[in-house]
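Undergrad: Let me give you the structure first, and then I'll get to my questions.
Since every read-out is calculated from the coordinates, none of them should be taken as a lab result. Just so it is clear, the structure is predicted and the values come from calculations on it, not from any experiment. Here the Cβ is made from the backbone with ideal geometry for all residues, glycine too, and neighbour counts use every protein chain on show.
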Amino acid sequence: MNKSLSLLTVATAAIMLNGCCFGTLNNAITHGKSKVSLMRSPQDLEVSSGGNKLPKTMEAFASSSNIGATATTTYYTSAISLPAKQKATIELYSPSMNKRATVELVPKASRNLIWLDIIFGAGSGLLIDMPTGNLKMLTPRLLDVQSALEGKPRSKWLSHGKLKRMAKRSAKRS
């Protein structure tokens, strides 16, 4: 009985240490890249970093469902992917507006990943994810492109929540 209890304890500890590193799991799924959504951007927006043009993809930035119903609505916007663990400077250019902007993206620990490690891994996932930097994601995750192209400082950009709500409203109208 004592031997099986020890074996069960070791197995449980191994599962918690290896299976509950949500930052590591996220990095494996995203190949170490962080998605940055380009909110309120013109159709002809060109994005580059280090002189290399970055491909834009359509990504989901929000989902909502009717409580008690099975209908779920997903909202999309254009996005770019960049390595999550290092600073990045991106250049935005709109030929139709003839405006340019430069935005600095900084890696920061994701609160969501930290809480997942704490709740489901009893904190053991943090022992692996913190030193490896796997909790990091680029911020801001939602770029207010229109404000950036107008030359407004980051403090004057729309908040994360306002950008989401505006994009949802415009998606519902179109």
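Undergrad: Computed FRET efficiency, Cβ-Cβ of Thr9 and Leu127, R0 25 Å: what is it to the nearest 0.05? Don't skip to the answer; put the middle values down first.
TA: On the way: r = 17 Å, r/R0 = 0.69.
Efficiency, from the Cβ-Cβ distance: 0.90.
Undergrad: Continuing with this model, one more query. Apply 1/(1 + (r/R0)^6) to the Cβ-Cβ distance of Gln86 and Glu46, taking R0 = 22 Å, and write down the FRET efficiency to the nearest 0.05.
TA: Given R0 = 22 Å and the Cβ-Cβ separation, E is 0.50.
Undergrad: Stretched out fully, how many nm does the piece from Lys108 to Lys33 gain, at 0.36 nm a residue minus the Cα gap? Kindly include the intermediate steps, with their values, before the conclusion.
TA: On the way: separation 75, 0.36 × 75 = 27.00 nm, distance 1.31 nm.
Using 0.36 nm per residue and subtracting the Cα-Cα distance, I get 25.7 nm.
Undergrad: Let me ask you something else. Report the label-to-label distance for Thr57 and Glu150 in nanometres (one decimal), using points 7 Å from each Cα along the Cα→Cβ vector.
TA: Result for the modelled spin labels: 3.1 nm.
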